[in-house]
Amino acid sequence: QDVMDIEVKPKPSRPHWYERHVQPCVAELLGSAFFIFIGCLSVVEDSGGTGRLQPALAHGLALGVTVAVLGDI
């Protein structure tokens, strides 16, 4: 009787190889490309007296958007 009262929990299934290997690499590639692209554009379009503030804000905003968009991957 006691043996039948034990609950058997199913083993969690392993993620597919795509989710383990390919998806993180694609997310890293997209995130890095977006981050570098926005950073380079912010330096090219320097509007006079902004100095180091414009590239710093552009990189920070690009990083925030990248994390928000690709954070679930």
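For SER13, indicate whether it is open to solvent by 100 Å² or more (accessible area, probe 1.4 Å), modelled with pLDDT of 75 or more and either assigned to a loop (DSSP other than H, G, I, E, B) or not hydrophobic (A, V, I, L, M, F, W, C) (or both).
Yes: the conditions hold for SER13.
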Quiz item: Can you pull out the residues in region 16-40 that are open to solvent by less than 90 Å² (accessible area, probe 1.4 Å) and aliphatic (A, V, I, L, M)?
Solution: VAL22, VAL26, ALA27, ALA33, ILE38
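The values are calculated or read from the model by the stated rules, or taken from the named source; none is laboratory data. These figures come from a predicted structure and were not determined experimentally. Heavy atoms of the whole protein, side chains included, go into the accessibility calculation; ligands, DNA and RNA do not. Shrake-Rupley method; radii C 1.70, N 1.55, O 1.52, S 1.80 Å.
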